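The values are calculated or read from the model by the stated rules, or taken from the named source; none is laboratory data. Just so we're clear, the structure is a prediction, and the values are computed from it rather than from any experiment. Cβ placement follows ideal geometry from the backbone for every residue including glycine, while neighbour counts extend to all protein chains displayed. Heavy atoms of the whole protein, side chains included, go into the accessibility calculation; ligands, DNA and RNA do not. Shrake-Rupley method; radii C 1.70, N 1.55, O 1.52, S 1.80 Å.
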Amino acid sequence: MQKDVCSEILRMKSLNPIPVIGVPASPYTRKMVALLRYRRIPYTVEWGNARELIEKHKLEAPKPVLLPVMIFEIDGAHKAITDSTPIIHHLENEFPDRGVIPHDPKLAFLNYVLEDFGDEWVTKYMFHYRWHFKEDIDKAGTILPLLHDVSLDDESHKAFKQGFAELQISRLWVVGSNEITAPIIESSYKRFLQQLEDCLSKNAFLFGSRPSSADYAIFGQLSALIGFDPTSRTIAHEISPRVIAWQDRMEDMSGIDPAEDDWLTYEVAQEDLADIFQEVGKVYLPALLANAKAIAAEEKTWTTQIDGAQWKQRSFPYQAKCLQWINDEFNALNSDDQNQIMVFLKKTGCQDLIVKE
Ligand SMILES: N[C@@H](CCC(=O)N[C@@H](CS)C(=O)NCC(=O)O)C(=O)O
């Protein structure tokens, strides 16, 4: 569990219902809303401008303000909280039924890595496809301002559209999307769709016949890639019809009655998830390692080779923490489980996820 947020998370109590602030085009908002629905945890959603809504609730804005913002009680006071993964862990402790983290510690570790891959790498496909091609830019620029305020007057809409699109396009390089890396991102997206398609031909979810937090992380990003942005949606239709159907179904899984043996066994999960882990090793791992090195050296950007191209982007302290948290999860396993996980990580080219002490 993330150490720096751990003490706050441990003191958090859920309100009934839990207020969620976000917009429908925000992948992490969709991740959390769908997860709450499946878990049958009461919630309310307020769509709109997060800062305005936080102010309306008379709360201090989290730093940074990221979507979704959820409101919890800490030490008797309401507080605006962000970051889906620790929130999911909190909910898991507070509401034990219908959990999204497998009880088998080895499966829980694999799930942790794939949730992180969804949140931190699949999101690169999302940001790239939303702001790289003209048709997608035009759609996102037009619709996103209206998702904040559906009755926005026409003049403000026009100004908001242009300003927002320009801002987001100017930030593409921050996540590593540029003319050199575009083919790398797009090939990775296509391979990932095929890998997911293959998994779904065996089971309804990544880890069996009940959804995990990794399913929700990936669903959140695909809600944009398949549910919103036209170019990436067309590609998904060509490659992966099962993923399109999965995407639609994931939105509301409240009718599932999950049982403990609905999770795959570790042996089967290793087989079924090997290809996706190969992708993690091929593209996400080099990014995580280069970023962590840059953060340690206090460098503002990093450059590395990913799938044969030179990849340059801004360094993110958060992603250095992601690598650390993966290691914390690994280190919390007993040595037999660690050994078994290491065999799998080696087989899939992911062994360097675990940093030797
Ligand atoms: N690690 C966070 C990430 C949340 C996030 O990045 N949300 C996006 C919207 S989907 C955001 O608020 N971005 C703010 C920005 O781009 O300025 C989580 O898992 O909740």
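Things worth noting here:
- F160 meets each of the listed conditions (1) in contact with a Pro (Cβ under 8 Å, 6 or more places away or on another chain); (2) surrounded by fewer than 17 Cβ atoms within 10 Å (Cβ to Cβ); (3) farther than 28 Å from E238 by Cβ apart from (2).
- Complete set of residues in the stretch 41-51 that are more than 15 Å from I81 (Cα to Cα), surrounded by 12 or more Cβ atoms within 10 Å (Cβ to Cβ) and not β-branched (V, I, T): W47, G48, N49
- Scope the stretch 308-351; condition out of contact with any Leu (no Cβ under 9 Å at 6 or more places or on another chain) and part of a loop (DSSP other than H, G, I, E, B); matching residues: G308, S315, F316, A332, L333, N334
- Any hit, the stretch 191-200, residues being among the acidic types (D, E) and in contact with a Leu (Cβ under 6 Å, 6 or more places away or on another chain): no
- A224 buried (at least 22 other Cβ atoms within 10 Å of the Cβ) and either modelled with pLDDT of 95 or more or more than 15 Å from the chain's Cα centre (by Cα) (or both): yes
- Of all residues in the stretch 307-322 being closer than 22 Å to F192 by Cβ and within 14 Å of the ligand (Cβ to nearest atom), the one that is most open to solvent (accessible area, probe 1.4 Å): Y318
- Only a single item in (1) open to solvent by 20 Å² or more (accessible area, probe 1.4 Å); (2) outside the structural domain of V243 (by TED's automatic domain parsing) is not met by K139, and it is number (2).
- Residue pairs whose Cβ atoms lie under 7 Å apart, sitting 6 or more positions apart in sequence or on different chains, and linking a residue in the stretch 220-248 that is more than 20 Å from S201 (Cα to Cα) and assigned to a helix (DSSP H, G or I) to a partner that is at pLDDT below 95 and within 16 Å of the ligand (Cβ to nearest atom), are A224/A25.
- Exactly one residue among R51, R40 is more than 20 Å from the chain's Cα centre (by Cα), over 24 Å from P145 (Cα atoms) and not assigned by TED's automatic domain parsing to the domain that holds V268, and that residue is R40.
- Evaluation of L59 against the conditions (1) open to solvent by less than 60 Å² (accessible area, probe 1.4 Å); (2) more than 13 Å from the ligand (Cβ to nearest atom); (3) in a helix (DSSP H, G or I); (4) not charged (D, E, K, R) shows that the sole unmet condition is (3).
- Residue match in the stretch 109-125 (condition: modelled with pLDDT of 95 or more, small (G, A, S) and not assigned by TED's automatic domain parsing to the domain that holds G281): no
- Inter-residue pairs, beta-carbon under 6 Å, first assigned by TED's automatic domain parsing to the domain that holds S14 and in the stretch 72-90, second small (G, A, S) and more than 10 Å from the ligand (Cβ to nearest atom), 6+ apart: I88/S213
- Some residue of the stretch 345-352 being in the same structural domain as V113 (by TED's automatic domain parsing), out of contact with any Gly (no Cβ under 9 Å at 6 or more places or on another chain) and over 24 Å from S177 (Cβ atoms): yes
- The stretch 26-44, residues that are of a type in the set (A, V, I, L, M, F, W, C) and within 14 Å of the ligand (Cβ to nearest atom): M32, V33, A34, L35, L36
- Test for D83: is it open to solvent by 10 Å² or more (accessible area, probe 1.4 Å), acidic (D, E) and farther than 19 Å from N331 by Cβ: yes
- Considering (1) touching a strand residue (DSSP E or B) at 6+ places or on another chain (Cβ under 9 Å); (2) of a type outside the set (G, A, S); (3) within 15 Å of the ligand (Cβ to nearest atom), the lone condition that T85 does not fulfil carries the number (1).
- Options S240, S232, S177, S209: the member that is modelled with pLDDT of 95 or more and either touching a strand residue (DSSP E or B) at 6+ places or on another chain (Cβ under 6 Å) or surrounded by fewer than 16 Cβ atoms within 10 Å (Cβ to Cβ) (or both): S209
- Considering only residues in the stretch 62-80 that are within 16 Å of the ligand (Cβ to nearest atom) and outside any loop (DSSP other than H, G, I, E, B), the one that is most open to solvent (accessible area, probe 1.4 Å) turns out to be K79.
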